[in-house]
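So the structure is just underneath, and the comments pick up after that.
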Amino acid sequence: IAIIQVGHNGTAANVWIKNIGTTRILDIPKVDIFFGPVDNFYRVNYGGQSAPYWEYSIEGGDTAWTQATTLHVTIYPQVALSAGTYVLKVVLPNGISDETTFGVE
């Protein structure tokens with residue numbers, strides 16, 4: 001996988017992750033996502049009614065996260081994003097991962 005873009009609207013982070021492997025990624029809700037300020041990040045659960053949680057959609061109308069397909073993840077953090085540096089790490093159920101940092105002004 002490769003995290004290809006991260007953005008935010010103050011209350012949520014939008015993340016696009018491309019499947020750069022050769023196999024379909026199954027059981028997307030079991031993906032681990034770690035997110036937050038560099039000095040205070042935490043694991044975010046999939047789904048939910050109250051923050052923090054994340055949800056996803058597969059770009060382009062695809063129904064499976066196959067090779068070359070992009071996953072759009074929306075993360076609803078514990079608190080609104082404020083100025084600082086944030087870390088995002090995505091770990092697949094098989095241990096494959098990617099991470100990035102990004103700034104919020």
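Structure notes:
- Those residues of segment 31-53 which are open to solvent by 50 Å² or more (accessible area, probe 1.4 Å) and β-branched (Val, Ile, Thr), in sequence order: Val38
- Those residues of segment 54-88 which are without any contact (Cβ under 8 Å) to a residue 60 or more places away in the chain, of a type in the set (Ser, Thr, Tyr) and surrounded by fewer than 17 Cβ atoms within 10 Å (Cβ to Cβ), in sequence order: Ser57, Thr63, Thr66, Ser82, Thr85
- Of residues in segment 33-67 being in a strand (DSSP E or B) and touching a Leu at 6+ places or on another chain (Cβ under 8 Å), the one nearest to Val6 (Cα to Cα): Phe35
- When restricted to residues that are more than 9 Å from the chain's Cα centre (by Cα) and surrounded by 15 or more Cβ atoms within 10 Å (Cβ to Cβ), segment 4-30 contains 7.
- The one condition in (1) modelled with pLDDT of 95 or more; (2) within 14 Å of Ala12 (Cβ to Cβ); (3) of a type in the set (Ser, Thr, Tyr) that Ser82 fails to fulfil: (1)
- Among the residues of segment 89-105, just one is of a type in the set (Asp, Glu) and open to solvent by less than 50 Å² (accessible area, probe 1.4 Å), namely Asp98.
- For first residues located in segment 7-29 and closer than 17 Å to Leu88 by Cβ, partners that are at pLDDT 95 or above and of a type in the set (D, E, K, R) and lie 6+ apart or on another chain with Cβ distances below 7 Å do not occur.
The values are calculated or read from the model by the stated rules, or taken from the named source; none is laboratory data. Treat the numbers as computed from the prediction; the structure is a model and nothing was measured. Glycine gets a Cβ as well: all are built from the backbone with ideal geometry, and neighbour counts include every protein chain shown. Each accessible area value is taken on the protein alone, full model and side chains, heavy atoms only, with ligands, DNA and RNA left out. Shrake-Rupley method; radii C 1.70, N 1.55, O 1.52, S 1.80 Å.
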